[in-house]
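Nothing in this text is a laboratory measurement; each read-out follows from the coordinates by a stated rule. Being a predicted model, the structure only gives us computed values, none of them experimental. Every residue, glycine among them, receives a Cβ derived from its backbone with ideal geometry; neighbour counts consider all protein chains shown.
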Amino acid sequence: MTSTQASIIQKIREQTVSPVRGSVLEIGAGNGENFPYLSKSVVLTALEPDAKRCRKLAERGRIQGIPTTILQGKCENIPMPDNSVDAVISTFALCSVDDPERAMSEIMRVLRPGCALHFVEHIAAPQRTFIHTLQRLLAPMSRRFNHGCDPLADTQRHFITAGFSLEDLQRREFSGIPMISGRAVCPKQPPQS
C-alpha cells in the first residue's frame, strides 16, 4: 500500500469513527488502528478474536488515554448485555465473520434502539467484471491467510436483511475495490415477537 493509499484509508477511518460518543463497541478491533480517531470521552469495549492482538489493544488503549475493556471473542457471540452500547464500530471487519446473519443479530442486540453501527467495509465488485473475477480467484487464499477475510462479502445486503436502515451511505473505490461506509441504524422500537 502506498503512502497516498494509506492516507486515504486513514481519512475514511477518521470520518467514520470520530463522531461516535458514549459507550462504544468496536468489533474486530485488530491492532487499534481506529483508536487515534476516537473522542477521549468514549468508553470503549474492543472485541477481537485474536489473542495476540488483544494484548496489543490493551497497550494501545493506555497509550491513547481511552478507557478500554478488551474482550476476546467473535462478533457472532458478543459477550455483552442487550441494549448496552451507544455505538458499534466496524472497519474492514465484517468481511471476516463466519456467520454474517448471526453477527448482524448480535450487533443489533447490543445496540440501544435508534443507535448505529458506524462502518467502512470493502464489498464484492459487480459480477462479470475483472475485479469481481479477481476477488473470486483470491477468495480462498484471503479467507485462509487474511484473518478470514472474504473479498466477496455482501455486507450491505446483510445490513438490510437484519433490519438496519442505512444512513450517509457512501460508495467509493479504492485501487479498484468497491467500499461502502456510513451508518447502519438500529430500529427505535425492538421487533415485535
Subject >> Choice from Thr68, Thr129, Thr16 with maximal GNM fluctuation in the chain (Cα, 10 Å cutoff) >> reply: Thr129
**OP:** With a point put 7 Å past each Cα toward its Cβ, work out how far Val43 is from Gln127 in nm, to one decimal.
**Re:** 4.7 nm
Subject >> the chain: mean projected area of Cα convex hull, nm² >> reply: 10.9 nm²
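I'd like to compare 69-76, 113-120, 25-32: which one has the highest average count of other Cβ atoms within 10 Å, and what's the full order after that?
Per-residue Cβ counts within 10 Å, averaged per peptide and sorted highest first, yield 25-32, 113-120, 69-76.
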**OP:** Would you work out the relative contact order for the chain, in percent, from Cα pairs under 8 angstrom that are 6 or more residues apart?
**Re:** 19 percent
Original post:
Full extension from Leu138 to Arg55: what is 0.36 nm times the residue separation minus their Cα-Cα distance, to one decimal in nm?
Top reply: 26.9 nm
Original post:
Could you work out the helix-only [θ] at 222 nm for the chain, with each DSSP H run of four or more residues adding -39,500 (n - 2.57) and the total divided by the number of residues, to the nearest 500 deg cm²/dmol?
Top reply: -10500 deg cm²/dmol
**OP:** Could you work out which residue, out of Arg183, Arg128, Arg53, moves most in a Gaussian network model of the chain, that is, has the largest mean-square fluctuation with Cα springs under 10 Å?
**Re:** Arg128
**OP:** Give the long-range amide H neighbours of Asp150: residues separated by 5 or more places, or on another chain, with amide H under 5 Å away, using H modelled in the peptide plane at 1.01 Å from N.
**Re:** Ser96
Original post:
In which sequence would Ser96, Ser90, Ser175, Ser23 go, from the one with the fewest C-beta neighbours within 10 Å to the one with the most?
Top reply: Ser175, Ser23, Ser96, Ser90
Original post:
Assigning unit charges at the beta carbon (Lys, Arg +1; Asp, Glu -1) and nothing else, what dipole magnitude in debye, to the nearest 20, does segment 3-185 show about its Cα centre?
Top reply: 400 debye
Subject >> Choice from Phe164, Phe92, Phe145 showing the highest fluctuation, given a GNM over the chain with Cα pairs closer than 10 Å >> reply: Phe145
Original post:
What is the antiparallel percent of DSSP beta bridges lying wholly in segment 3-185, to the nearest 5?
Top reply: 45 percent
